[in-house]
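First up is the structure itself, then whatever we jot down about it.
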Amino acid sequence: RRGPTDLHEQIPPITSGPDKGTQVTVEIHHEDTSPQLIKRLSLGKGFQKTEAPRPPGAKDLHVYPWDKSSLKSMPVDLEQFKKLDDYALKVNVKNSVEELVKALLKQARTDLEKVRAIWMWICHHIEYDVVGYHNKSQLSSKPRDVLQMGKSICEGYAELFEHMCSLAGIQCKKLSGHAKGHGYKTGQTFTGDSDHAWNAVYLEGRWHLLDSTWGSGSVDDSFTKFTYRYNEFYFLTHPALFINNHFPDNSNWQLLKPTLTLKEFENNMLHNSNFYMLGLLATHPETPIIQTVNGKVSVSVECHSSTLFMFKLNGAEEQGLMTLEKHGMKLDIYPQKTGSHKLEIFAKPSKAEASDDVYKCVVEYVVECESVDKAMRFPKDLHQPVGPSWFSERQGFLRPSHREPVLHTNDGRCSFTFTLSKDISVLTSLHTDGSSLAEDMGRRHVLQIQRRNQVELKVHLPHAGSFVLKIYSKKKSDPGNYDYIFNYLIKCLNTEVKWPAFPKSYSKWLQDYEILEPLSGLLPANRNVQFRLKMHGIAKVLVQAENTYPLTHNKGVWEGTCSTSGCREVFVMVHENANHSFYSHVLKYEVETQMMRLSSLRSSTLMLSLSTSSSLAQMVSLALSSLLVKCWISERLASSTESRICFRLAS
C-alpha cells in the first residue's frame, strides 16, 4: 500500500467542459504553509467555486484516546447510502474527470452524499498498481492519468480524490505521512520520507479523514497481486482510530487533542480495521511487545457483543489456554522455548453470515520469553477455547458446576454437572497424549448420569497426567452426528492414581438410566457383588455370569447379588417386554484375573532394605503375622550382608 512521497509538483492548466474552452491555472501551496483563501474559477457548468483548504482548528479536534462510542467522526447512516452507493458503482465514465464527477453528482444532493459517491466510485474502479509500485519512474499520479489507466498507488488515489472533491465544490486535502501498512513489522520504527498518502475532507463545519487506497482492497503477501475488497472502515474514520496506522507529517492533521508523537505512534498497539469492524474495543496489554513472567504472559480482548476467537503462536494453535468471556476473551500463553514468538489473535462474529464465517486476524503481539514453564504443557487434543462460556450456554449447557477451564484432582476423580436448557443428547470422551488411552476406553472413563434436565459427568482417571474432557451434543430428534461444544483440562499429579474404566454400555442403555453400584467396570474375582441399577420401562433384569442372577425391582431400583466365581465377564441384560422371549445386553463388566491382580498391586509394592539374612527372616515373619498378606518374593537374596526384597502385598 505504500507509495512515493508527495512531491507537490506543478500541475498544468486544467481543461474543462465538453468544448474544452475554459482554462484556469491553479496556484499550488506547500502543505505546511498557511494557505490564503483563494477562489477557484468556475470550471464549466455544474461546478462550484471552491475555497482552498483551511488548516484544522480547535473545533476539528477529537479527544484521544478513543471513547469507544463510534467508528466514524460524524453520524453516518449506511442504509440511507444504499441507493446512492448502487448508483455510483454503475457509473462508467472514463473520458474525463470532469464528466465523471458530473455523472456522480446527479444522485448526490448534500456535500456528504457528494463525498460518498466519489469515495464509492474510486474504491470500486481504481485498483492498486503493484507493477507501478515496483517501477515508480514510469508512474503518473495525475488524476487524468489515474482515471484513464484505472490503477495507481496511494499518491494517485489521494490526488484523484482531492481533484474530484474540488470539482464537486468540496474542500479536500491530500495528506502524506507514515503508515503501518503492508510489510509493517511489530515494533518497527519510521525514519526518512513519508510512505503513504490519504485525504481529509471538510463536511458540516469539520475536517474528516479517509483513505481510499485502503478502502479499495488489499495486496497479497508477495506484493504482486491486488484484490478488490471494499473496506468501509476507512471512510470518515474517527481520528482516534485513524491514528492507529496513519501518522501525518503535519501533526495538526491528526485532528486529535492531544496529538501523538512519532515515538508514541511506533510504540502503540496496532489495531487494524478488522479489529473495530468486528466490534472489538480494546486489548490488554496495550503495547505490542510483551515479556513473560515465570514463563507466562496473559492477553485479553474486550468487545461489545459475543465474539469467537482463536490464536496462533508461531503459526500453531498451541502452548496457550484461551477462555471466552461475555464481553471478550482471556488468553494465557506458555512458550516452550525462550526467545521471541509471534502471537496472532483472530476473531469472527458468533452469528456470522456464510461470507463472514472466517476468522480474521485482529491483533498481533511479539512475546519475549526468558524462562520456560515446563509444567504447563497441554495435551494435543485440547481445543480452544477451554471451559464453559456464553457459547456453551447458547448450545444448552447452563449453570456449570465448574466455570474455570482447568480442574485439579488429587485422587484422580472429579464430577461436572450442568442444567440442560434444550432437548439434547450429550456425548463425552476423555483424551491424553500417548497411547495409554484408546478412543473406546476414553469414553468409558466418563460416566454420564442424567436426571431430568440435569446431567452429571463422573470422571475416573486411569493414571496421573493431563487429560482433556470433550463434550459433544445434538438434538435428540436429530439422527445426525454429535457436534463438538467445549472441553475441560483435568490435571492430576498423584502417581498412585489408577482407576479402572466404568462398565461398557450398549445402545439399549438409555441416558436417563443410572448405575448406583458397582461403578467400576472391573469386578473382583470370586466375590459376591451387589448390583443396584435405576432403569424404567423394563419387565425383567438379569445378571449373567457363570450363572444367571435375576434382579428384583424395589422403588424404581433393580437390585440383587451376583457371584463372579468361574467367569471373566459379567453382563447385565434386560427384558423390555414381558410378551417377548429375548433379552438385550445393556452393560458389560470384566472380572479381575490373577495377572490383573498382580498388576493392580504393583502400586502397593513395599521396597525393603535388609542388612542381614536373619533380619530378612524377622521381617518376613512380621509381615505375615501382622498384615496377614500373601507375599511373593520377586528377587533372590543377592548377598548375605545386603539385599533388596520386593514384596507384593495383596489384601
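Residue count for the range 152-192 under the criterion of being on the phi < 0 side of the Ramachandran plot, without any contact (Cβ under 8 Å) to a residue 60 or more places away in the chain and either open to solvent by 50 Å² or more (accessible area, probe 1.4 Å) or not assigned by the TED database to the domain that holds A117 (or both): the result is 3. Only a single criterion out of (1) more than 28 Å from the chain's Cα centre (by Cα); (2) modelled with pLDDT of 90 or more is not satisfied by F467, namely (1). Remark: D211 falls outside the filter, which requires a residue to be closer than 27 Å to K263 by Cα and surrounded by fewer than 17 Cβ atoms within 10 Å (Cβ to Cβ). In the range 263-318, which residue that is of a type in the set (G, A, S) and over 30 Å from P379 (Cα atoms) is surrounded by the most Cβ atoms within 10 Å (Cβ to Cβ)? Per the stated criteria, the residue is S273. Here's a check for you: in the range 554-570, which residue that is over 15 Å from E590 (Cβ atoms) and crowded, with 16+ Cβ neighbours inside 10 Å is farthest from the chain's Cα centre (by Cα)? So the residue we want is S563. Residues in the range 287-310 that are touching a residue at least 24 places away in the same chain (Cβ under 8 Å), in a loop (DSSP other than H, G, I, E, B) and of a type in the set (V, I, T): T292 only. Here A438 clears all of (1) within 18 Å of W509 (Cα to Cα); (2) open to solvent by 10 Å² or more (accessible area, probe 1.4 Å) except the condition numbered (1). Note on the range 397-432: residues that are on the phi < 0 side of the Ramachandran plot, open to solvent by less than 70 Å² (accessible area, probe 1.4 Å) and of a type outside the set (S, T, N, Q) amount to 17.
Here is a check on your reading of the model: is L260 buried (at least 21 other Cβ atoms within 10 Å of the Cβ) and modelled with pLDDT of 95 or more? Here the answer is no, as L260 does not meet what is asked. In the set (1) under 24 Å from K458 (Cα atoms); (2) buried (at least 16 other Cβ atoms within 10 Å of the Cβ); (3) in contact with a Ser or Thr (Cβ under 8 Å, 6 or more places away or on another chain), Q511 fails one condition alone, (2). Residue count for the range 52-88 satisfying the condition of being in contact (Cβ under 8 Å) with a residue 60 or more places away in the chain and within 25 Å of L278 (Cα to Cα): 14. None of D195, D211 is free of Cβ contacts under 8 Å to residues at least 60 places away in the same chain and more than 19 Å from R54 (Cα to Cα) except D211. All of F233, F226 fail the test of being out of contact with any strand residue (DSSP E or B) (no Cβ under 8 Å at 6 or more places or on another chain) and either among the aromatic types (F, W, Y) or within 22 Å of S141 (Cα to Cα) (or both), apart from F233. K348 - would you say it is on the phi < 0 side of the Ramachandran plot and open to solvent by 50 Å² or more (accessible area, probe 1.4 Å)? When the stated conditions are applied, K348 does not pass them.
The values are calculated or read from the model by the stated rules, or taken from the named source; none is laboratory data. Everything quoted here is computed from the prediction, not taken from an experiment. Note: ideal-geometry Cβ built from the backbone for every residue, glycine included; neighbour counts use all protein chains shown. What goes into the accessible areas is simple: the full protein's heavy atoms, side chains included, and nothing from ligands, DNA or RNA. Shrake-Rupley method; radii C 1.70, N 1.55, O 1.52, S 1.80 Å.
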